[in-house]
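In what follows, a single structure is set out as structure tokens and then discussed.
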Amino acid sequence: MILPWLILIPFIGGLLCWQGERFGHVLPRWIALITMGLLLGLGLWLWASGDFTLAPAPGGEPRWAHEFVIDWIPRLGITIHLAMDGLSVLMVVLTGLLGVLSVLCSWNEIQNRVGFFHLNLMWILGGVVGVFLAVDLFLFFFFWEMMLVPMYFLIALWGHSGSDGRTRITAATKFFIFTQASGLIMLVSILALVFVHFNQTGVLTFNYADLLKTELAPGTEYLLMLGFFVAFAVKFPVVPVHSWLPDAHAQAPTAGSVDLAGILLKTAAYGLLRFALPLFPNASAEFAPIAQWLGVFAIIYGALLSFAQTDIKRLVAYSSVSHMGFVLIAIYSGSQIALQGAVVQMVAHGLSAAALFILCGQLYERVHTRDLRQMGGIWARMPWLPAISLFFAAAALGLPGTGNFVGEFLILIGSFPGAPWIVVLAATGLVLGSVYALAMIHRAYFGPVQQDAPLPGLKARELAMVLGLAALLILLGVYPQPVLDTSAASMHGVQQWMAGALDQLASGR
Amino acid sequence: MEHHAVEFTLQHLIALLPLLVTSLTAIVVMLAIAAKRNHALTFILSVVGLNLALLSLIPALEVAPLEVTPLLLIDTFACYYMALVLAASLACVTLIHAYLGGESGKGYPGNREELYLLVLLSAAGGLVLVSAQHLAGLFIGLELLSVPTYGMIAYAFFNKRSLEAGIKYMVLSAAGSAFLLFGMALLYAESGNLAFADIGASLARESSQLVQIGIGMMLIGLAFKLSLVPFHLWTPDVYEGAPAPVAAFLATASKVAVFAVLLRLYQISPAMSGGWLSELLTLIAIASILFGNLLALLQNNLKRLLGYSSIAHFGYLLVALVASKGLAVEAVGVYLATYVLTSLGAFGVITLMSTPYSGRDADALYEYRGLFWRRPYLTAVLTVMMLSLAGIPLTAGFIGKFYVIAAGVEAQLWWLLGAMVLGSAIGVFYYLRVMVTLFMREPNMHRHDAPFDWGQRAGGIMLLVVALLAFFLGVYPQPLLELVQQAGLVALAQ
């Protein structure tokens, strides 16, 4: 019974925030903070209490650490079916953590329509948790599309207008259209899968466990897999369809960027791991080289473009494209080590990207620009923030001792046997990563001083947020074992699906 | 075919009760107007009559399916669409009352009462149409539905646009009817029958050139009423010119009734389905989806925007019609219900914004800037409606769209689905544009809600109910789905 509460708490909390505005601007913030704290607490409790050796695997019914089923639309065989395994619990905890942080980082930034802002924020997070828990494909799609609306409002109403005429509304609309259109393609795929299953068994159902047993002709399987892949690729983002991301990130308020980079991108990786691969293993195996090359391309392209940006938030946004490229390579590698690396990378990137966006927000509150050309010399003008930025830049470039290093290292070492050339090229991304990360630090904090006036330092709240993230990132870097243990069974299942299909493909050649 | 002896029993009367009550209401309203003009009284009489007609569906359902004269077949399908038509008319009447204004001399300057009469007559036409199983019934219903709308559209006749729209609609509608009649004549010439099922049966064997032309012409006539591309040219002008509650009626009750009869014709007459006809419908659907959505992008007038968007929505509905198997009939039922709900909400907001009548409707998009700070509840309603039109989860529109896509996938209509995905992506753009306009903050804007009188309040409450229903059906659609599932078509054995 605990799983639906993970979703309901943010939704109810959001409504309370909205109405809480009647009693002043502070109340909604506290309600939101408590809501997210509750979500994080519940997530941690589930993590501590669950048996995460249970996870779906090929053959037999999927087993879950926690499960919840109730009828919803019997006419179409749709149930409210929530389930949790190691992968989802990690994502839910990450969502709770970043939820707390996004409330905290908006404490001063958002001054108007506070209640409505927190309503949207809470509903995004509720939708994301729903995506991570749903194992009914209709329900999954429902949450997948639902979280777009509050995100749209967040960017359109509280965002910043960017440089050279890019308005926040254009950015928000672009984000919405990209994800909505690709989502509909996935819906068509979902329905096609359901009807294939219906024609085979006579049972109309959207249940993950049942649909796993569908037998698909190779051509159909490939097409359906592509339908899923397109939707996930847009959110991932894979390079040809990434163009919404820099705009949305740059124009969103800090909390929006934190959520986008920290968890919304992860829903795509999660979707591939949970749905696209297990449902269509053979087609995925066939598609794997293409996906991995797309990943390599994203790594290099993202890094190069990141280097060329003058807007600090766009720079961080493009670096996300680069980092998620590693995850894409790992997902399609079919190697247990790489898949576990992908999970670590997802968590680490969630933490480090969130921290970088929070730092960008804090910097913006002080210097009122995101243009790197107008910064410079800030190191001398304020304590703490530049040094912490340096730490997270180093984390982003994959410095040993941080979670990002563990993730990228595992991904590269795990994928190498299967695809050596891809790994060799992907590794250049680490070099390029150092280039843009250090360039960002150099342009913003070193160099000639533009103004002499000292800037106000970080408040305790701001300092606590970023230092907490830094501590977690180091913890993940030196002792990633808890994360690896939790995700082991889930990733083992995915690996079996993928490896079986890859073997079949190899023997067929 | 055996000849039906016309014998009327109590059963037949019960089956016809909704139609009889509606017609009786129209007569009572007419007499009341003749005796003494009273806006409030006319309104109350119309509302009571329509509610009674809705209630009389319950006994009618118990005797269904029943053939009442060869012209009409009262089955669950007919009852479901009757309920939709009646509910939509009821909502429009409520809006009209708010729109025309109170007794105090404010608001609409001309005679107010006849508008109710026209709505009731038109609703009666809709009831005939949805239960028609015979070309004669179809034509009578269609004309009874359309002719009063000429007057309704031009009701604000001292406004040039309204008058122009009325005349435009009358001329084009008459042309559409002429096509329809000619098509029927050709069909009759070839098959010697006018009942849907018999036409299908006698034409299933051989299908001559003449029949195909006849069917094509009928399709043109119906496509005109449904404003499908390329017969859509009247739609934006008429939607813009018509008083807002009348536009609501046109978008909902009128279109629902025509689509229901088209569905029945298509399903029952095998000659209608198959071959080049479904290819033609596919083309019309794709064109409607793409043109409707693309042209809506350019609009700065909310009524025109909704007009173009309705073209696109009926394009989506054609997907289900072409699918014609499996979930298709249900998909149409669900989609029409959600569409009616959403259109009523959207036009309702425009109506209340333009209330009481003051020469022109508030339909320019800029008039809605920052509406959130002036009228938060109306804004909430319009936001839900825009999301529902765009088909976003948590709203009824999502369920409708989901059903139509499911029907399309089941019938493997990939081209149509492609157009639908593309059209939805385009559609999102202008729906979002409207939505975000509502929340744009203007400088020196104060937070207050416009005061409203009782008439507005009834409309406002109705709109809130509509919005809540749209939300509720988006979260828990099962009741609607069960209802629609039972409202399947029954082909009575002859």
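Can you give me the relative contact order of the range A:2-508 as a percent, contacts being Cα pairs under 8 Å and 6 or more apart?
16 percent
If you fit an axis through the alpha-carbon atoms of helix A:403-415 and take the longest principal axis of the Cα set of chain A, what angle between them do you get, 0 to 90°, nearest 10?
40 degrees
In Å, what is the Rg of the alpha-carbon atoms in the range B:10-487, and how long is Dmax?
Every Cα atom of the range B:10-487 included, Rg and Dmax give 21.2, 73 Å.
From the backbone phi of the range B:361-369, what are the Karplus-calculated ³J(HN,Hα) couplings (6.51 cos²θ - 1.76 cosθ + 1.60, θ = phi - 60°) in whole Hz, Gly and Pro given as x?
Computed from phi, the couplings for the range B:361-369 are 8, 7, 10, 7, 4, 5, 5, 9, 4 Hz.
With a Cα-only, solvent-free Debye model of chain A, what are the log10 I(q)/I(0) values at q = 0.10, 0.12 Å⁻¹?
-0.71, -1.04
How long are the semi-axes of the equivalent ellipsoid of the range B:54-186, defined as square roots of 5 times the Cα gyration tensor eigenvalues? Whole Å, largest first. Please report the intermediate quantities before stating the final value.
Numbers: eigenvalues 183, 97, 13 Å².
After scaling each eigenvalue by five and taking roots: 30, 22, 8 Å.
Which FRET efficiency value, to the nearest 0.05, is calculated for B:ALA136 and B:LEU464 with the Förster distance at 45 angstrom and r the Cβ-Cβ distance?
Working: r = 42 Å, r/R0 = 0.94.
E(calc), rounded to 0.05, equals 0.60.
Show me, bin by bin at 5 Å from 0, the whole-percent P(r) of the range B:287-425 based on Cα pairs.
That works out to 2, 11, 18, 22, 18, 12, 8, 5, 3, 1, 0, in percent per bin.
Once you wrap a convex hull around the alpha carbon atoms of the range B:224-375, what is its projected area averaged over all directions, in nm²? Can you show the working numbers first?
Values: hull surface 36.8 nm².
With every direction weighted equally, the projected area is 9.2 nm².
For a quick check: with amide H placed at 1.01 Å from N, whose amide H comes under 5 Å from B:LEU72's, ignoring anything fewer than 5 positions away on the same chain?
Answer set, sorted by chain and number: B:GLN133.
Restricting things to alpha carbons, find the Rg to Rh ratio for the range B:283-358 using the Kirkwood radius for Rh.
Details: Rg = 14.5 Å, Rh = 13.5 Å.
Ratio of gyration radius to Kirkwood radius: 1.07.
How many percent of Cα pairs in the range A:253-347 exceed 24 Å? Write out the running numbers ahead of the final one.
Numbers: 1046 of 4465 pairs.
Percent of Cα pairs beyond 24 Å in the range A:253-347: 23.
Convert 37 °C to kelvin, take the viscosity as 0.692 mPa s, use the Kirkwood radius over C-alpha pairs of the range A:433-505 as Rh, and evaluate the Stokes-Einstein diffusion coefficient in µm²/s, rounded to a whole number. Spell out each step's value before the answer.
Details: Rh = 17.2 Å.
It diffuses with D of about 191 µm²/s by this estimate.
Sorted from largest down, give the three principal axis spans of the alpha carbons of the range A:54-153, whole angstrom values.
52, 31, 17
In the structure shown, do any of B:LYS160/B:LYS401; B:LYS168/B:LYS401; A:LYS174/A:LYS459; A:LYS313/B:LYS303; A:LYS213/B:LYS401 have a Cα-Cα gap over 30 Å, and if so which?
Numbers: B:LYS160/B:LYS401 37 Å; B:LYS168/B:LYS401 32 Å; A:LYS174/A:LYS459 35 Å; A:LYS313/B:LYS303 40 Å; A:LYS213/B:LYS401 27 Å.
Pairs exceeding the cut-off: B:LYS160/B:LYS401; B:LYS168/B:LYS401; A:LYS174/A:LYS459; A:LYS313/B:LYS303.
Compute the acute angle (0 to 90°) between the alpha-carbon long axis of helix A:114-133 and the principal axis of greatest extent of the alpha-carbon atoms of chain A; round to the nearest 10°.
In chain A, helix A:114-133 runs at an angle near 30 degrees to the longest axis.
Using only Cα atoms, tell me the angle between helix A:420-445 and the longest principal axis of chain A; keep it within 0 to 90° and round to the nearest 10.
Between helix and principal axis, roughly 20 degrees.
Output the relative contact order of the range A:40-124, whole-number percent, from Cα pairs under 8 angstrom with separation of 6+ residues. Please report the intermediate quantities before stating the final value.
Working: 72 pairs, mean separation 21.6, N = 85.
Computed value for the range A:40-124: 25 percent relative contact order.
What does the charge add up to near B:LEU121, with Lys and Arg as +1, Asp and Glu as -1, over the other residues with Cβ less than 15 Å from its Cβ?
Values: positive: none; negative: B:GLU113, B:GLU114, B:GLU143.
Net charge around B:LEU121: -3.
Stokes-Einstein at 37 °C, 0.692 mPa s, Kirkwood radius from Cα pairs: D for the range B:42-116 in µm² s⁻¹? If you can, show how the numbers build up before the last one.
On the way: Rh = 14.1 Å.
So the translational diffusion coefficient is about 232 µm²/s.
Can you list residues whose amide H is under 5 Å from A:HIS66's amide H, if they're 5+ apart or on another chain and H is modeled 1.01 Å from N?
Amide H to amide H, under 5 Å and 5 or more residues apart or across chains, A:HIS66 pairs with A:MET84.
Below 8 Å between Cα atoms, with a sequence gap of 6+, how large is the relative contact order for the range B:355-409 in percent? Don't jump to the answer; show the numbers that get you there.
Values: 21 pairs, mean separation 8.0, N = 55.
So the answer I get is 14 percent.
Could you name the aspartates and glutamates in cross-link range of A:LYS235, using Cα to Cα under 14 Å and dropping any fewer than eight places away on the same chain?
A:GLU145, A:ASP247, A:ASP259
Quick one: 3J(HN,Hα) in Hz for the range B:379-393, Karplus 6.51/-1.76/1.60 with θ = phi - 60°, rounded, Gly and Pro as x.
Once θ is set to phi - 60°, the couplings for the range B:379-393 become 4, 4, 4, 5, 4, 4, 5, 5, 5, 5, 4, 6, x, 9, x Hz.
Going by the alpha-carbon gyration tensor, a ≥ b ≥ c the square roots of its eigenvalues, is the range A:362-482 rounded (a/c under 1.5) or, if a/c is not under 1.5, prolate (a/b greater than b/c) versus oblate?
Values: a/c = 3.78, a/b = 1.74, b/c = 2.17.
The shape class here is oblate.
What is the Cα radius of gyration of the range A:37-88 over 2.2 N^0.38 Å, N being its residue count?
Values: Rg = 13.4 Å, N = 52, 2.2 N^0.38 = 9.9 Å.
Expressed relative to 2.2 N^0.38 Å, the Cα Rg reads 1.36.
Once amide H atoms are placed 1.01 Å from N in the peptide plane, what residues at a sequence separation of 5 or more from B:ALA195, or on another chain, have their amide H within under 5 Å of its amide H?
Placed amide hydrogens put B:LEU135 under 5 Å from B:ALA195.
Just going by the charge dipole of the range B:138-244, with Lys and Arg at +1 and Asp and Glu at -1 on Cβ, which of B:GLN212, B:ALA195, B:PHE179 is farthest out on the positive end?
Checked the options; the winner is B:PHE179.
Treating only the Cα positions of the range B:264-324 as identical point scatterers, give the base-10 log of I(q)/I(0) from the Debye formula at each q in 0.19 Å⁻¹.
Values returned for q = 0.19 Å⁻¹ are -0.67.
Taking just the alpha carbons, could you work out the radius of gyration and Dmax for the range A:289-424, both in angstroms?
Values for the range A:289-424 (Cα only, Rg and Dmax): 16.1, 50 Å.
So how compact is the protein assembly as shown: Cα radius of gyration and Dmax in angstrom?
Using the Cα atoms of the protein assembly as shown, the pair Rg, Dmax is 30.5, 102 Å.
Under a straight-distance cross-link criterion of Cα-Cα below 28 Å, which lysines are reachable from B:LYS36, leaving out those fewer than 8 residues away in the same chain?
Within the straight-line cut-off, B:LYS36 pairs with B:LYS106.
Bear in mind these aren't lab numbers, they're just calculated from the coordinates by the rules spelled out. Predicted, not measured: the structure shown is a model, and the values here were computed from it. Every residue, glycine as well, gets a Cβ built from its backbone with ideal geometry; the counts of neighbours run over all protein chains shown.
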